[in-house]
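Step one of this worksheet: look at the structure below.
The values are calculated or read from the model by the stated rules, or taken from the named source; none is laboratory data. Fair warning: this is a prediction, and the values are worked out from it, not measured in the lab. Positions of Cβ are backbone-derived with ideal geometry, glycine not excepted, and every protein chain shown enters the neighbour counts.
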């Protein structure tokens with residue numbers, strides 16, 4: 001490529017933008033490049049000329065893009081996209097349309113779930129293989145791993161809800177877990193999420209920074225369709241919230257199990273698209289807006305976001321032009337002030353702001369979202385939307401009461417819309433009992449005890 005052709009002009013345009021956005025000086029970039037490439041040393045004068053006239057060696061472009069974490073998001077919020085600069089320079093074909101990418105990601109997740117199910121049946125571990133796969137991958141790379149099974153639930157209804165996993169780097173020559181590509185891929189493939197609980201390793205306080213905390217949700221993880229029938233009154237369902245503390249994944253996953261639908265979260269789709277276990281707020285919201293415009297049939301999906309996209313005045317309820325699928329049912333979990341306040345310190349750390357700023361942002365967004373729902377243009381959406389108050393929970397038992405209570409409220413709303421308990425739905429629940437022996441008995445018993453309209457009373461505490 002000649003240094004003045006269109007490809008290099010595109011590179012220089014992006015180079016100037018990302019250098020300014022990241023606050024990177026020419027001297028600093030030269031020093032970083034010299035750490036990565038030894039064949040040809042660079043100095044700040046050479047780097048400065050790349051902005052306007054000369055061009056770097058083509059093999060160095062990928063290092064530049066990585067150091068500046070370039071992507072197709074000019075605000076710099078999206079994860080690094082290694083193919084972005086090559087597409088801009090005309091060296092790769094343009095990216096596939098967003099809807100095509102989402103469809104592909106959803107199919108990939110379903111294929112992975114089917115393979116996991118087969119592998120689980122062969123090994124007699126069903127959906128519990130995730131922790132074992134992560135530990136095996138960690139040990140092969142020299143990490144230590146500790147696994148802690150989590151049994152929680154409403155009082156009297158214990159369930160195996162998650163597996164918490166801590167990784168520790170025992171040697172200085174081993175990179176951090178977050179810097180190991182194979183470990184990152186394993187975390188994404190097994191739907192592991194960053195953990196927030198205390199570590200399980202016995203360590204000194206100054207060793208805690210060497211640990212990496214993760215969890216595999218067993219309720220609220222992606223799951224396949226478990227029934228053949230589609231419920232015409234609710235062909236697709238969205239469960240949304242402002243923060244993770246409303247536990248939209250758990251509520252959505254439970255609803256999907258009860259209907260025999262597949263379940264996915266916008267976080268997992270975003271992680272599938274980027275192969276990065278940390279999904280940005282902007283990308284999750286983009287996935288959600290695409291789903292609202294074209295819901296995946298036979299599915300429930302969950303979504304949380306403390307922001308609303310600037311280019312969609314109807315988000316999270318409808319497409320930018322106010323349209324949406326007429327069959328979509330929307331369950332909105334509405335956090336109270338105390339729950340948002342409790343979440344704000346962690347959320348502020350994630351967003352790079354103070355807890356007070358995160359609290360203000362979240363409550364402002366929640367007010368905006370509710371005001372949008374009650375606008376005249378979205379009357380058709382309101383008729384199929386249920387708002388579920390979600391209070392702060394002092395204990396894990398209360399938290400699960402909230403989650404199961406939200407799922408129960410959703411089933412009653414679905415019954416009002418015309419979803420009925422049938423023999424086919426009873427068969428779905430019987431399969432759930434076989435597939436999830438550490439979860440389904442207590443889950444279905446709690447719902448039957450609380451007169452869930454979609455669950456057979458035979459599962460109640462008083463049926464035996």
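Table for the structure above
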quantity: Every residue from the range 325-345 that is over 23 Å from residue 253 (Cβ atoms) and in contact with a helix residue (DSSP H, G or I) (Cβ under 9 Å, 6 or more places away or on another chain); calculated: 326, 337, 341, 344, 345
quantity: Test: residue in the range 316-324 that is in a loop (DSSP other than H, G, I, E, B) and farther than 26 Å from residue 230 by Cα; calculated: yes
quantity: Some residue of the range 415-430 being surrounded by 15 or more Cβ atoms within 10 Å (Cβ to Cβ) and within 25 Å of the chain's Cα centre (by Cα); calculated: no
quantity: Given (1) touching a strand residue (DSSP E or B) at 6+ places or on another chain (Cβ under 8 Å); (2) farther than 29 Å from residue 340 by Cβ; (3) at pLDDT 95 or above, index of the condition residue 386 fails; calculated: (2)
quantity: Qualifying residue in the range 343-358 (condition: more than 20 Å from the chain's Cα centre (by Cα), under 23 Å from residue 406 (Cα atoms) and touching a residue at least 12 places away in the same chain (Cβ under 8 Å)); calculated: no
quantity: Members of the range 373-430 found to be assigned to a helix (DSSP H, G or I) and over 22 Å from residue 236 (Cα atoms), listed by number; calculated: 376, 396, 397, 398, 399, 400, 401, 402, 430
quantity: Residue match in the range 244-252 (condition: closer than 29 Å to residue 368 by Cα and either in a loop (DSSP other than H, G, I, E, B) or not assigned by TED's automatic domain parsing to the domain that holds residue 385 (or both)); calculated: yes
quantity: For residue 441: the one exception among (1) at pLDDT 95 or above; (2) surrounded by 16 or more Cβ atoms within 10 Å (Cβ to Cβ); (3) closer than 30 Å to residue 308 by Cβ; calculated: (3)
quantity: Some residue of the range 392-405 being assigned by TED's automatic domain parsing to the domain that holds residue 446, touching a helix residue (DSSP H, G or I) at 6+ places or on another chain (Cβ under 8 Å), under 15 Å from residue 240 (Cβ atoms) and in contact (Cβ under 8 Å) with a residue 60 or more places away in the chain; calculated: yes
quantity: Residue among 2, 83, 65 that is surrounded by fewer than 18 Cβ atoms within 10 Å (Cβ to Cβ) and modelled with pLDDT of 80 or more; calculated: 83
quantity: Residue match in the range 263-286 (condition: over 14 Å from the mean Cα position of the chain (by Cα) and modelled with pLDDT of 85 or more); calculated: no
quantity: Matching residues in the range 131-155 - criterion: being farther than 16 Å from residue 437 by Cα and in a loop (DSSP other than H, G, I, E, B); calculated: 141, 142, 143, 154, 155
quantity: Failed item in (1) out of contact with any helix residue (DSSP H, G or I) (no Cβ under 9 Å at 6 or more places or on another chain); (2) not in a strand (DSSP E or B), with residue 162 passing the rest; calculated: (2)
quantity: Index of the failed condition, residue 182 passing every other in (1) in contact with a helix residue (DSSP H, G or I) (Cβ under 8 Å, 6 or more places away or on another chain); (2) modelled with pLDDT of 80 or more; (3) surrounded by 13 or more Cβ atoms within 10 Å (Cβ to Cβ); calculated: (3)
quantity: Residue 303, sole failed condition from (1) assigned to a strand (DSSP E or B); (2) at pLDDT below 85; calculated: (2)
